[in-house]
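Visitor: So that we are looking at the same thing, I have put the structure below in structure tokens.
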Amino acid sequence: RVATHCTQSIMASLTRTTVVVLLLTVSQVAGHASLLLPPTRNSIDVETEAWSDGKHPATGWIQPYTCSCTNGSSICNNGQSCFWFSQGCTIGCKACDGNGTRVPNFDHCPSESIKPTINDPKYRTVNQAAEAGSHADFTKFNPWRAPGRAPVFDPCGMAGGVDHQVFNAGAYNTTKFAKQGDLGSKVLPKRPMGIVWNRGSVVQTRWQSTAVHGGGYQFRLCPANETLTEECFQKMPLKFASPTKHKILFADEKDNTEINATVVPHSITGTGDWMINPLPYGTPECSGCCDKVMPAGEHCDYHCPGCGAPWYAADGACPTDCASYPGLPHGGADPKYLADQLPGKGQGSFAVEDDILIPSSIPAGEYVLGWRWDCEATSQIWSNCADITIV
């Protein structure tokens with residue numbers, strides 16, 4: 001399962017005599033993902049002994065987690081790159097608030113939020129049977145419902161997703177390159193890895209998932225000589241050259257396969273083409289797709305090193321059945337709209353490869369490739385950045 005986090009404002013509403021640690025949870029599994037190809041600035045920890053040669057030591061102590069992955073038949077050197085993200089991000093808000101708790105219908109900025117642009121069930125990734133915009137449509141404020149319209153802490157992510165360690169993989173182990181709460185565009189050094197792409201060519205990108213949160217993703221470019229901002233990346237979204245298929249790469253090449261893909265076009269998003277994350281988040285009978293804040297005097301029955309006394313780190317975001325809230329369904333992915341095309345395959349056992357079209361009109365030069373994954377099941381956005389050369 002994943003966890004969601006609770007901010008001080010929520011925790012302040014709880015009367016406790018014990019020490020409580022602020023926490024982060026992501027739904028269903030400890031939901032994290034990262035870009036593998038091109039190699040990213042976010043994976044620079046592989047240049048330290050601890051994360052070198054495909055090693056993945058545990059990150060965090062509240063609920064230790066790793067970015068353990070498969071990069072086809074190659075070593076998966078991604079370090080802590082799956083821990084760079086933003087959370088508490090509602091569509092239309094000026095800023096994220098850091099609260100990733102999966103409380104249903106959570107609008108993080110009621111005076112600023114906008115209406116979803118993605119309402120058709122074929123483009124939604126969770127709870128598709130709920131009428132769009134209704135009370136039962138409890139993820140309508142989350143990033144995927146208007147891709148690119150939710151803010152981020154940083155276009156290259158924040159280390160640990162919040163400035164302090166929180167429940168269920170909201171953590172980042174300090175290295176000489178970064179610490180918890182650091183912003184990727186500010187602290188991560190340029191990391192050219194010899195990736196050269198030709199104008200007008202089709203190139204391959206590759207990403208991995210250690211958990212699922214629905215939603216979808218986009219690849220964008222920003223000139224390396226410009227300040228890396230969300231606005232810069234939004235000016236240059238890239239198109240998918242193979243919009244109807246993903247290639248799935250396993251450690252054993254004979255297991256490689258292709259699965260169906262779905263692009264949501266610019267005509268719907270208004271922010272360029274976005275690819276639906278093909279990995280389903282739960283099922284329509286999901287029993288833990290939401291969170292609840294535990295009442296005073298009660299504790300969450302969730303087992304992790306920081307979940308017990310004196311921390312009770314899961315109490316502000318205890319995984320629960322969405323149907324425990326009045327008028328809500330269970331809330332997972334409906335296979336009628338998003339089927340599991342890789343049944344029985346663990347999240348870390350494969351990588352997803354996409355073909356991307358490099359515009360022929362783009363000026364040659366040094367660029368930063370941005371990968372942004374807007375979640376639908378949570379208020380989270382994963383971001384990685386990679387240095388490339390276009391000739």
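Quick grid of which residues meet (1) in a loop (DSSP other than H, G, I, E, B); (2) open to solvent by 20 Å² or more (accessible area, probe 1.4 Å); (3) over 30 Å from residue 42 (Cα atoms):
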| residue | (1), (2), (3) |
| --- | --- |
| 99 | yes, no, no |
| 103 | yes, yes, no |
| 106 | yes, yes, no |
| 114 | yes, yes, yes |
| 120 | yes, yes, yes |
| 129 | yes, yes, yes |
| 132 | yes, yes, yes |
| 136 | yes, yes, yes |
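Visitor: Among the residues of segment 77-97, count how many are open to solvent by 30 Å² or more (accessible area, probe 1.4 Å) and either closer than 28 Å to residue 353 by Cα or touching an Asp or Glu at 6+ places or on another chain (Cβ under 8 Å) (or both).
Guide: Matching residues across segment 77-97 total 2.
Visitor: While we're looking at this one, here's another question. Hey, residue 69 hits all of (1) over 13 Å from residue 210 (Cβ atoms); (2) touching a residue at least 40 places away in the same chain (Cβ under 8 Å) but one; which does it fall short on?
Guide: Single failed check for residue 69: (1).
Visitor: I'd like to check something: does segment 145-156 contain any residue that is over 26 Å from residue 367 (Cα atoms), open to solvent by less than 10 Å² (accessible area, probe 1.4 Å) and outside any loop (DSSP other than H, G, I, E, B)?
Guide: Yes, there is a match, as at least one residue in segment 145-156 is over 26 Å from residue 367 (Cα atoms), open to solvent by less than 10 Å² (accessible area, probe 1.4 Å) and outside any loop (DSSP other than H, G, I, E, B).
Visitor: Say we look at segment 24-51 and pick out the residues that are open to solvent by less than 10 Å² (accessible area, probe 1.4 Å), modelled with pLDDT under 95 and of a type outside the set (Gly, Ala, Ser); which of these is farthest from residue 290 (Cα to Cα)?
Guide: The extreme case among them is 32.
Visitor: Out of the residues in segment 78-97 that are assigned to a strand (DSSP E or B) and hydrophobic (A, V, I, L, M, F, W, C), which is nearest to residue 373 (Cα to Cα)?
Guide: Once the filter is applied, the top-ranked residue is 85.
Visitor: Also: Quick check on residue 267: is it assigned to a helix (DSSP H, G or I) and of a type in the set (Ser, Thr, Tyr)?
Guide: Here the answer is yes, as residue 267 does meet what is asked.
Visitor: Here are some residues: 143, 121. Which one is modelled with pLDDT of 95 or more and either under 14 Å from the mean Cα position of the chain (by Cα) or within 18 Å of residue 218 (Cβ to Cβ) (or both)?
Guide: So the residue among 143, 121 that is modelled with pLDDT of 95 or more and either under 14 Å from the mean Cα position of the chain (by Cα) or within 18 Å of residue 218 (Cβ to Cβ) (or both) is 143.
Visitor: Are there any pairs with C-beta distances below 9 angstrom linking a residue in segment 94-114 that is without any contact (Cβ under 8 Å) to a residue 40 or more places away in the chain to a residue that is charged (D, E, K, R) and in a loop (DSSP other than H, G, I, E, B), with the two at least 6 apart or on different chains, and if so which?
Guide: Cβ pairs passing all conditions: 105/137; 105/140; 107/140; 109/94; 109/97; 112/94; 113/107; 114/149.
Visitor: For segment 35-77, how many residues are in contact with a Pro (Cβ under 8 Å, 6 or more places away or on another chain) and either among the aromatic types (Phe, Trp, Tyr) or outside any helix (DSSP H, G or I) (or both)?
Guide: The number of residues fulfilling the criteria is 9.
Visitor: Would you confirm, using the coordinates I've provided, whether residue 286 is over 22 Å from residue 126 (Cβ atoms) and part of a loop (DSSP other than H, G, I, E, B)?
Guide: It is false that residue 286 is over 22 Å from residue 126 (Cβ atoms) and part of a loop (DSSP other than H, G, I, E, B).
Visitor: What number goes with the only condition from (1) open to solvent by 10 Å² or more (accessible area, probe 1.4 Å); (2) within 27 Å of residue 265 (Cα to Cα); (3) without any contact (Cβ under 8 Å) to a residue 60 or more places away in the chain; (4) more than 18 Å from the chain's Cα centre (by Cα) that residue 74 does not pass?
Guide: (2)
The values are calculated or read from the model by the stated rules, or taken from the named source; none is laboratory data. It should be emphasised that the depicted structure is a prediction, and the values quoted were computed from it without experimental measurement. FYI the Cβ positions are ideal-geometry reconstructions off the backbone, even for glycines, and counts take in every protein chain you see. The protein model used for the area step is the full one, side chains on, heavy atoms only, and it has no ligands, DNA or RNA in it. Shrake-Rupley method; radii C 1.70, N 1.55, O 1.52, S 1.80 Å.
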